[in-house]
Structure formats: C-alpha cells, structure tokens
Amino acid sequence: MKKVCSIVAMLGLGVSLLFAGGASETAATATGIVPDKTVTGNIMIYTSIYEDIVTMMDNALAEKFPNCNIEFFQGGTGKIQTKVAGEMATGKLGCDMMLVAEPAYSLELNEDGYLHKYLSPNRANLRFDYDKEGAWYPVRVCNMVLAYNPEMYKPSDLATSYKDFATNPALKGYISMGNPLTSGTTMAAAAALSEKYGYVYFDQLGKQQIMIESGSTALAKLETGECKELMILEESVLKKREEEGSSISVIYPDDGVILIPSTVMTVAGDKSANNNIASCEKVTDWLLSEEGQKFIVKGWMHSVLKGWNSGDHIPYDSISTDDLIKKDMGLDWVRCYQQRTEIREAFEKSVSLSK
C-alpha cells in the first residue's frame, strides 16, 4: 500500500488576512496558490491517479489547505474497488473521498447510497456531465489513444484507427494494451470498443496476439522495437515526451478517441473514515477551480473546465480539448457499470492475459 502523507505546519508569515465569504485566506504562495486555513481535520483519499502525479497534487493540496491533514491511498481502480468492497462489509469505508478512473464506479456507489451529495458552485464551469444532485463530478479527463515510435515506423505502416489496430495483419504479435480487469481507464476503453464493434473486437485482439501489460513496460518495448503500436493513455506519452525528450508519438484514431472523465466523490458522512464533510466540500471546490485545474493540466491530463483549449490550458504537446471532444467515440457509462462483469469475462475469454 502506497501512502503519500501530507502534514504541513503553519507558516508564521506576517501576511495580511483577507476575509471573503467567511473564509480566511493569505497571500498566494510561489506556485500561485492562495492558502485557505479554514479547512481542518483529516481527509483520506483513495485514488487511481499515477503515483508521481499524486505526489504533485498532494503538495498542492498541502499548500492550499495548510491546516488539513490530507492523505492518499493510491492503486489501480480494480485494487481500489476490491478494497472498498471489503470495507463495505463493515458498513464504513476507510476513506472520505475518491478520485477514480471513470464515472461508472461513481454510478454504482451512488446507487448503493455511499456518496454525499453537494452542489459545488463551480459546476457551472464544467463541460462534461456530472451528477445533477452533486454525488460526483468529473475532475480530470484521460484520453485513450494509439502510440508509436516514429524513429522506427511511419504512421502509414501502422494502424490509424482502433478497427485497424485489431485487424491489420502486419501488427500481429507487435501490439500492446493495459488490462481492463485491473485498470479503470482500460476497462472504459474496452467498454467503448465493444459497444462500437461488438465483442468480436476482443476476438480480433486475441487473434492479433496482443500483449497485456503496464504502460511503462509497453512504452519500453515501443522504444526498442519489440512492439510496433500501443493502445495507451495520452498522458503516459506526453509525460515521456516532456520529461525525457522522447520522440514517442500519439495517433488520434480515425474512428475516435476515447475520453474518460475521471471523477471526484465524497463518501457519505456516516460511511466515511473521518466524517469531515465540510472540508471535503472545500477540496472538491478547489479541484474544480481554475487554481486546481492547473495542476491537472500539469499532470498531462485535460481540464474539465469550459474554454480551456490552448497554451497552458492543455497538456504539454497535446491538442485542443474541444477538438478531442468532437472526436470522442463516446460510451454508455450505465452499460459500463451494469455489464462490467460481462465485458470483463468476454475480454478474458478472447485475450490471453499472460502475454
């Protein structure tokens, strides 16, 4: 279990206090964050966000809410779902908030009465759907795409659509993707592709001898040529391009990208670890604010805010989020939730997970 703990001592700076709406705020920090010292207590957050990005968010939250002890438990969506399922047996979860991969799990938890409903004032600025009673909101947008190594292959030699990815004989034995049994975003992609092409799509992936592995392993194989093309999150490629100067490139598939608006949820007070609802609402507001969304974009994910389409408002080396929305394949999140087991079993039946 990975925990990222944050307990930040209050700094005795001689700054002026500003009082707005009952909140006590100080001057902005070097990162541009205006601290809010009214938020207190403990908050445990379960999240599927990558560990290094969790660290960045953890530091930002510590700056924003210096009097609140916020901790993270990080794991894949499948791991979190297993953990939560075990905790449900006790009637109380070990967390106060969750940041998970896709809305389907939020629908399930809300239906079972585990979520606190809160109407954030920032909801009017969102360009993606949210629960109208405030049980969950999109907080970051992941984008499933194809990727290749331009130092070894040309796009004309590869698949430029998901359909071709699963049927092009030249790619047999040289393609890779994540595991929908453990990854929420890969599960969302599997749901979208099976919705568009039927379960025969999984049969085709199986015949292509697709390799099922982590993104880091797949990217390493792409660099060596062991793999020709990947189905992978755009953020994994963009991170590698910015941090390592890698030439690994994205292909936005002709038959649509798969946008996955990952959600934030607050657990109902009587079912949460610390029953710190007021502070959780403040954290939700911040995550949906311009100040909070800047850190989402720095983490190579797309913003949920309307009008953020260029410059510092989109991830490094990416394209307009609104343009991606126009190319979004779309998927039925209710089907993804209600037929989750069926979709997983169909995938497992067709694709060898040991490759």
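When nucleic acids and ligands are ignored and a 1.4 Å probe is applied, ARG127 ends up with an accessible area of around 50 Å². Rolling a 1.4 Å probe over the protein heavy atoms of the chain, with every protein chain left in place, gives an accessible area that is 50 percent carbon and sulfur. The antiparallel fraction among DSSP beta bridges confined to the chain stands at about 70%.
Quick check on my link table: of LYS163/LYS207; LYS196/LYS239; LYS306/LYS326; LYS64/LYS282; LYS196/LYS327, which ones sit more than 20 Å apart, alpha carbon to alpha carbon? Flagged as over cut-off: LYS196/LYS239. Here the label points at LYS92 and LYS298, each 7 Å from Cα along the C-beta direction, are separated by 3.5 nm in the simple model.
Annotation: per residue accessible area for region 36-135 equals 37 Å², rounded to a whole number [probe 1.4 Å, protein chains only]. Listed by chain and number, the lysines whose alpha-carbon sits under 20 Å from that of LYS79, ignoring those within fewer than 8 places in the same chain, are LYS2, LYS3, LYS92, LYS271. Shown in residue order for region 250-265 are the 3J(HN,Hα) couplings computed by the Karplus curve 6.51 cos²θ - 1.76 cosθ + 1.60 at θ = phi - 60°: 9, 10, 8, x, 4, 8, x, 7, 10, 7, 10, x, 6, 10, 10, 9 Hz (x for Gly and Pro). Add +1 for every Lys or Arg and -1 for every Asp or Glu among the other residues with Cβ under 12 Å from the Cβ of SER183, and state the total. For residues surrounding SER183, the net value is 0. The distance between label points at ASP112 and SER156 comes to 5.3 nm (points 7 Å beyond Cα on the Cα→Cβ vector). Rounded if a/c is under 1.5, else prolate if a/b is larger than b/c, else oblate: which is region 135-195, with a ≥ b ≥ c the root eigenvalues of its Cα gyration tensor? Since a/c reaches 1.5 and a/b is larger than b/c, the shape of region 135-195 is classed as prolate. Take region 293-355 with all the other protein chains still there, run a 1.4 Å probe, and you get 51 Å² of accessible area per residue. Between the listed residues ILE325, GLY307, ALA135, the Cα displaced farthest toward the positive end of the dipole of the chain, a dipole computed from Cβ unit charges relative to the Cα centre, is found at ALA135. According to the Cα-based calculation, Rg over Rh for region 277-344 is 1.10, with Rh computed by the Kirkwood formula.
Each of PHE347, PHE128 has its accessible area taken with a 1.4 Å probe; listed largest first, they run PHE128, PHE347.
The magnitude of the dipole of the chain, with charges of +1 and -1 set on the Cβ of Lys/Arg and Asp/Glu and taken from the Cα centre, is near 320 debye. Please state the shape class of region 177-292: rounded when a/c is under 1.5, otherwise prolate if a/b exceeds b/c and oblate if not, all from the C-alpha gyration tensor. In terms of gyration-tensor shape, prolate.
Would you mind classifying region 155-240 by shape? Square roots of the alpha carbon gyration tensor eigenvalues, ordered a ≥ b ≥ c; an a/c under 1.5 is rounded, otherwise it is prolate if a/b is larger than b/c and oblate if not. Judged from the Cα gyration tensor, region 155-240 comes out oblate (a/c at least 1.5, b/c at or above a/b). The protection proxy used here, the mean number of other Cβ atoms lying within 10 Å of each residue, ranks peptides 295-307, 110-122 as follows, highest first: 295-307, 110-122. Tell me, how many Å apart are the Cα centres for region 107-183 and for region 190-220? Between the Cα centres of region 107-183 and region 190-220 lies a distance of 13 Å.
The values are calculated or read from the model by the stated rules, or taken from the named source; none is laboratory data. All figures in this text were calculated on a predicted structure; none of them were measured in a lab. So basically every Cβ, Gly included, is an ideal-geometry build from the backbone, and we count neighbours across all protein chains shown. Just so you know, the surface numbers come from the protein's heavy atoms only, side chains and all, with ligands and any DNA or RNA stripped out. Shrake-Rupley method; radii C 1.70, N 1.55, O 1.52, S 1.80 Å.
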